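Engineer: Provided herewith is a single structure, encoded as structure tokens, for subsequent inquiry.
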Amino acid sequence: MLKLANINKTYHPGTQYAVPALHQLDLELPKGTFCIVIGGNGSGKSTLLNTIAGTIFPDSGDIYINQQRVTSLKAFERSKFVARVFQNPHAGTAPNLSVLENFRLAALRTQKKKLSIGLGRSFEKATQENIADLGLGLENKINQPMGTLSGGQRQALSLLMSALDDTQLLLLDEPTAALDPKSSALVMQTANHLIEKKHLTTIWVTHHLKTVIDYGSRVILMEQGKIKKDLEGEKKRHLTLQELYSWFA
Amino acid sequence: MIFYTSAIVLGLCLTAMGLGIFITMRIFKIPDITTDGSYTLGASVTAILLTTGWSWWAIIPITLIAGALAGSITGWIHTRLGVDALLAGILVMTGLYSVNLTILGRSNVPLNETDNLFSSLKFIENPLFSQLIIVMGVCLLLIFLVYVLLRTDFGIAMRATGDSETMTESLGINNAKMKTIGLSIANALTAFSGFLLAQFQLFADINMGIGIVLTGLGSVLIGNTLGNLFQHHSIFLQLIWVAIGAIAFQVLLATAISIGINPNLLKLITAVFVLGIVGIPKLISKT
């Protein structure tokens, strides 16, 4: 599904401030993998995610999605394969557009935005049903501007938005970092539910070690731009919080 | 009465530009100064084609294309060359001065002798009321078209681009292309205002565009303030408010003249008006 081959990325190359962010990184993710990525600040987690999404281009190496080389595709071109949920709920939604309009755009992620009106009754109804699953009562607020909702509500909605159109790869960049514990739990459950229901191939970057225990089929620890540990299957399932803490010691 | 009716017609002529500024300023949050140049460009193209015998309706697509071209150059400079939007607009506006002078051939081209939109469509005796009804119809049509555009999937994508570029990029929208298209549409609308105005005032002048962007900004800001006052936020009403803002702006200027203010001070008054609309809410909220 996803393959990274020998990816290198250095920030400010050739200066005294040069920071190697990714170093000869190889990663292969079979279809349906729910991979959680952890690591300290500056370990290269975000660079990894942004390199896959196409907002950062590697200095060398190649990226393949479904055997197709996407290394030189820009972010808006890669959106055909990749859906993203950002750390900042404000980044993933348009505040001045209504909830419904936000959903409309997300539903067209892999398609052309044509000069035709797509906000029909049927789309409205489908959106309402989709949102009602969250159980937050937001289905009655679909004509409200997105900006009038709370960060947690927006983040839960952007999760739903990420799976509206054909999603081959879902990238989550600390989606709960900006949220209070209650909203955070909601977003976490929504994400997990969505990923399992649709068998989405997922990369979830987090600082929250409990997430690793509760969710995911694979865990990767990044350190200095490399993959330091990589556990899946049985080994991942038997991982304890204590052991995880020891990785950071 | 005639005096204020003219002001209203003038405001309606400038509504197209107001809609353009609405797109650049309110939707894309780009301060687009190209306006000054593309407005005169629209008027110049209209004047020169009318005097060489073209019919007004055939001139419409030419004006729109000319304006769109000007806007797309600003868009290209801004998005492809990474030049600040304000500077990109100033560059194109300055360049357009020479282009407009070349098109006009001299600084002022009178249009008294030619048939035009208003003389061809005149259907009642009173010329001013005839003009009023014609521009009103034209404005309603434009507002409707812009409204429909903004409701389409493409239009939603446009609006989202000004709202959150991270989001639009992740949803397959080419932000650079979107902004360039937006600037093209906006300047086509502005050029169309030039088209209307040249035929209303019966001349095109190389200096007619100086500071016109402020008039457009003023219209959008007045419209926005009124919209907030009445708590109307639907896109359609926002566009209507732009038209009302454009008219209100011209009526205010007409009032200023009628109470005896020297017309030479008109630009200064325009600037102070716009400053007032932007600044007064800040002053009030601080006290």
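Engineer: Taking B:S44, is it part of a helix (DSSP H, G or I), farther than 17 Å from B:G216 by Cβ and within 16 Å of the chain's Cα centre (by Cα)?
Structural biologist: yes
Engineer: Follow-up. Can you tell me which residue within region A:109-118, out of those that are at the interface with chain B (Cβ under 7 Å from one of its Cβ atoms) and either among the acidic types (D, E) or free of Cβ contacts under 8 Å to residues at least 40 places away in the same chain (or both), is surrounded by the most Cβ atoms within 10 Å (Cβ to Cβ)?
Structural biologist: Among those that are at the interface with chain B (Cβ under 7 Å from one of its Cβ atoms) and either among the acidic types (D, E) or free of Cβ contacts under 8 Å to residues at least 40 places away in the same chain (or both), it is A:K113.
Engineer: Now, a different point. Which residue out of A:A126, A:A94, A:A106 is at the interface with another protein chain (Cβ under 8 Å from one of its Cβ atoms), hydrophobic (A, V, I, L, M, F, W, C) and part of a helix (DSSP H, G or I)? Give the derivation first.
Structural biologist: Values: A:A126 fails: at the interface with another protein chain (Cβ under 8 Å from one of its Cβ atoms); A:A94 fails: part of a helix (DSSP H, G or I).
The unique qualifying residue is A:A106.
Engineer: Another question, then. Is it the case, given these coordinates, that A:L22 is surrounded by 14 or more Cβ atoms within 10 Å (Cβ to Cβ) and either closer than 23 Å to A:E196 by Cβ or within 14 Å of chain B (Cβ to nearest Cβ) (or both)? First the steps, then the outcome.
Structural biologist: Details: surrounded by 14 or more Cβ atoms within 10 Å (Cβ to Cβ): yes; either closer than 23 Å to A:E196 by Cβ or within 14 Å of chain B (Cβ to nearest Cβ) (or both): no.
Answer is no for this residue.
Engineer: Counting only residues that are within 14 Å of chain A (Cβ to nearest Cβ), out of contact with any strand residue (DSSP E or B) (no Cβ under 8 Å at 6 or more places or on another chain) and more than 21 Å from B:V148 (Cβ to Cβ), give me the helices (runs of 4 or more DSSP H) lying completely in region B:174-287 with at least 1 of them.
Structural biologist: By residue number, B:175-201, B:212-229.
Engineer: Would you check if there is a residue in region B:132-152 being touching a strand residue (DSSP E or B) at 6+ places or on another chain (Cβ under 7 Å) and over 19 Å from B:W56 (Cβ atoms)?
Structural biologist: For region B:132-152, residues touching a strand residue (DSSP E or B) at 6+ places or on another chain (Cβ under 7 Å) and over 19 Å from B:W56 (Cβ atoms): absent.
Engineer: Still on this structure: Just one of (1) surrounded by fewer than 17 Cβ atoms within 10 Å (Cβ to Cβ); (2) of a type in the set (A, V, I, L, M); (3) part of a loop (DSSP other than H, G, I, E, B); (4) more than 8 Å from chain B (Cβ to nearest Cβ) trips up A:L136, so point out which.
Structural biologist: The single condition A:L136 does not satisfy is (1).
Engineer: Determine whether B:D32 is buried (at least 22 other Cβ atoms within 10 Å of the Cβ), in a helix (DSSP H, G or I) and acidic (D, E). Give the steps one after another, and end with the answer.
Structural biologist: Numbers: buried (at least 22 other Cβ atoms within 10 Å of the Cβ): yes; in a helix (DSSP H, G or I): no; acidic (D, E): yes.
Against the criterion (buried (at least 22 other Cβ atoms within 10 Å of the Cβ), in a helix (DSSP H, G or I) and acidic (D, E)), B:D32 does not qualify.
Engineer: Scanning region A:71-91 for residues that are more than 8 Å from chain B (Cβ to nearest Cβ) and assigned to a helix (DSSP H, G or I), which turns out nearest to B:I235 (Cα to Cα)?
Structural biologist: Checking each candidate, the answer is A:P89.
Engineer: Looking at region A:42-56, which of its residues are more than 14 Å from chain B (Cβ to nearest Cβ), under 12 Å from A:K9 (Cβ atoms) and part of a loop (DSSP other than H, G, I, E, B)? Please lay out each step first, then the result.
Structural biologist: Going residue by residue through region A:42-56, those that are more than 14 Å from chain B (Cβ to nearest Cβ) are A:42-45, A:47-48, A:51.
Still in the list and also under 12 Å from A:K9 (Cβ atoms): A:44, A:47-48, A:51.
A:G44, the sole residue that qualifies.
Engineer: Could you please find all residues in region B:113-128 being under 22 Å from B:I2 (Cβ atoms), modelled with pLDDT under 90 and not in a helix (DSSP H, G or I)?
Structural biologist: Passing the criteria: B:K122, B:F123, B:I124, B:E125, B:N126.
Engineer: Quick test for you: out of A:Q155, A:Q189, A:Q242, pick the one residue that is in contact with a Pro (Cβ under 7 Å, 6 or more places away or on another chain) and outside any strand (DSSP E or B).
Structural biologist: A:Q155
The values are calculated or read from the model by the stated rules, or taken from the named source; none is laboratory data. Treat the numbers as computed from the prediction; the structure is a model and nothing was measured. Cβ: placed from backbone, ideal geometry, glycine included. Neighbour counts: every protein chain shown.
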